[in-house]
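Worksheet for the structure shown next.
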Amino acid sequence: FRVAYDSTDFVRASIASIVETLVITFSLVVLVTYVFLQKIRTTLIPLITIPVSLVATFAVIYILGFDINILTLFAMILAIGLVVDDAIIVVERVEYLMANEGLDAKKASVKAMQQIGSAIVATTFVLLSIFIPVGLMAGITGKIYQQFAVTIATSVVFSAINALTLSPSLCSIFLK
């Protein structure tokens, strides 16, 4: 028995490169978030939301029966940048209210969510309106992009849920 062509080496190398890129992307997000927020505590809040959104996205991919392939992993790389945005907005608003209005962390978190909750929902729907039609394309191309679109859309939805629930809670706990 002789194998003429073995594609598993290429697939393993591709997945290893994508995992490496995921680690690099996560590290860059950590670095940029720290550079702009300037505090470890404020940096932790968006960083906690990244794994929560990605694990939830992997759970949905598993439930839908999709495979982990190059396109879904590429979507995860893009999702890391997307899921951190909502949490950063929440943290920045809470910090602003604490600094300028003298509110404690809990009251600032509640007020921040009253002010920016609808904006988070609106941006989520805008992103979904971009990616969901991609997943509805017909033919073999549509089937390929369906996994990509579902991965991005799911991570964006979980990011919004995190921004509306987890991020304000973490702000009220971590911020002083």
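Summary of values
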| item | result |
| --- | --- |
| The one condition in (1) under 15 Å from the mean Cα position of the chain (by Cα); (2) closer than 18 Å to S155 by Cα; (3) open to solvent by 80 Å² or more (accessible area, probe 1.4 Å) that I45 fails to fulfil | (3) |
| Residue in the range 37-60 that is under 13 Å from Q146 (Cα atoms) and at pLDDT below 85 present | no |
| Contacts under 7 angstrom Cβ, first residue in the range 53-80 being within 21 Å of T141 (Cβ to Cβ) and touching a residue at least 24 places away in the same chain (Cβ under 8 Å), partner assigned to a helix (DSSP H, G or I) and open to solvent by 70 Å² or more (accessible area, probe 1.4 Å), 6 or more apart | L71/I144 |
| Residue selected from the range 118-132 under the condition under 17 Å from V90 (Cα atoms) and surrounded by 15 or more Cβ atoms within 10 Å (Cβ to Cβ), by the criterion nearest to the chain's Cα centre (by Cα) | T124 |
| Positions within the range 49-76 being over 8 Å from the mean Cα position of the chain (by Cα), surrounded by 16 or more Cβ atoms within 10 Å (Cβ to Cβ) and of a type in the set (V, I, T), in sequence order | V52, T57, V60, I61, T72 |
| Odd one out for A149 among (1) surrounded by fewer than 17 Cβ atoms within 10 Å (Cβ to Cβ); (2) within 17 Å of the chain's Cα centre (by Cα) | (1) |
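The values are calculated or read from the model by the stated rules, or taken from the named source; none is laboratory data. If you're wondering where the values come from, they're calculated on a predicted model, not measured in any experiment. Virtual Cβ from ideal backbone geometry, glycine too; neighbours counted across all protein chains shown. We work out accessible area using only protein heavy atoms, side chains counted, and drop any ligands, DNA or RNA first. Shrake-Rupley method; radii C 1.70, N 1.55, O 1.52, S 1.80 Å.
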